[in-house]
Amino acid sequence: MNIKGKWSLITGASSGIGEQFARQLAKEGSHLVLVARSKRKLDTLAAELTRSYGTQCQVIPQDLSIEGAAGELYQKCQQLNLNIDLLVNNAGFATHGLFEQISGERQHEEVMLNVAAVVDMTHLFLPGMLQRGAGAVINVSSTAGFQPLPYMAVYGATKAFVLSFTDALWWENRDRGVQFFALCPGSTETNFFNVVGTDDASVGAKDSPERVVEVTLRAMKKGKQYVVPGFRNYLGAQISRFMTRRQSLRLVGGMLRPRKQ
Ligand SMILES: NC(=O)c1ccc[n+]([C@@H]2O[C@H](COP(=O)([O-])OP(=O)(O)OC[C@H]3O[C@@H](n4cnc5c(N)ncnc54)[C@H](OP(=O)(O)O)[C@@H]3O)[C@@H](O)[C@H]2O)c1
């Protein structure tokens, strides 16, 4: 899909992988709807991209973990008369530790943002793409989506949901002009681990968000359905297929166990 002159909507565009999507899509000539909670960061990014590439940007600050937020965002796009041709469901965060010791409210928020918002956004924006017979949806999953994660139980489950959901919609839409794509990064150098509050949740060397997004856009152009950037991450994501579920849990549980315990 040629994104030049079309509108892309990116959630979580104020930082990390989402910010990189904004930068690289602007470079390719896309106009942008930038969504996150931090209005100031989005305004600064929008001004820079407009200056550098002439990108038209709409900044929409929104907390997507709140019930009904996706609907509000969709209404704002309708009021602005924007047809979204590329939707990037990227906003997300993780929690780490023993399940019962992590705030229940925080884990609920995690499910709302990582799962419910992705479903709602896709349900709202897909019909317009189908009507126009063209569009694409990138959902950001993770290598966490390939097997359960002890000590990150909710996060792993949300990312498995995103991967399963995206694969299923890829199949449903493969002949209808809308490309679904799952991005499954390994550890990436962003604000993610500051939000988690510990590096115990990080496995292996961290990739740069620039490279993660470059690899994604390249894989999409080749018509792929998902990508795990980095060969080691790819192997790590596949390894559980060759193990029993219990062996996989032992391996991952050993890697993610909180070090202070
Ligand atoms: N970094 C990694 O190692 C890694 C690995 C695999 C997958 N991922 C996935 O990659 C995606 C992007 O994460 P990142 O690594 O780029 O982390 P990040 O730098 O922390 O970025 C997260 C983005 O999500 C936004 N966000 C957080 N809570 C939000 C909310 N309630 N409503 C709307 N926006 C919200 C943040 O903006 P505000 O705070 O301004 O709202 C920020 O723009 C996530 O889905 C994450 O699970 C990351």
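The values are calculated or read from the model by the stated rules, or taken from the named source; none is laboratory data. All of these numbers come straight from a predicted model, not from anything done at the bench. Neighbour counts are summed over all protein chains in view; Cβ atoms, including those assigned to glycine, are modelled from backbone coordinates with ideal geometry. What goes into the accessible areas is simple: the full protein's heavy atoms, side chains included, and nothing from ligands, DNA or RNA. Shrake-Rupley method; radii C 1.70, N 1.55, O 1.52, S 1.80 Å.
A few comments on the model shown:
- GNM flexibility winner over the chain from His31, His96, His123 (Cα, springs under 10 Å): His123
- Sum of -39500 (n - 2.57) over DSSP H runs of 4+, divided by residues of the chain (222 nm, nearest 500): -14500 deg cm²/dmol
- Ranking by accessible area, most exposed first, for Asp199, Asp175 with a 1.4 Å probe: Asp175, Asp199
- Magnitude of the charge dipole for the chain, about its Cα centre and with charges confined to Cβ atoms of Lys, Arg (+1) and Asp, Glu (-1), is about 760 debye.
- Across the chain, C-alpha contacts under 8 Å between residues 6 or more apart give a mean separation that, scaled by the residue count, equals a relative contact order of 18 percent.
- Relative contact order, percent, the stretch 1-114 [alpha-carbon distance under 8 Å, six or more residues apart]: 29
- Of Met121, Met243, Met112, the one that fluctuates the most in a GNM where the chain has Cα springs shorter than 10 Å: Met243
- Area of Trp170 that stays accessible when all protein chains are in place (1.4 Å probe, Å², to 10): 70
- Taking the chain as a Gaussian network of alpha-carbon nodes connected by springs under 10 Å, the highest mean-square fluctuation of the residues Lys222, Lys206, Lys39 belongs to Lys222.
- In the context of the full protein assembly, Arg211 retains an accessible surface of approximately 90 Å², using a probe radius of 1.4 Å and ignoring ligands and nucleic acids.
- Hull volume in cubic angstrom per residue (convex hull over the Cα atoms of the stretch 7-256): 119
- With the whole protein complex present, Glu189 retains an accessible surface near 110 Å², based on a 1.4 Å probe.
- Computed with a 1.4 Å probe over protein heavy atoms only, the accessible surface of the chain comes to 49 Å² per residue.
- Sulfur and carbon atoms: percent of accessible area, the stretch 42-110 [1.4 Å]: 45
- Length gained on full extension, Val119 to Thr44, computed as 0.36 nm times the residue gap minus the Cα-Cα distance: 24.1 nm.
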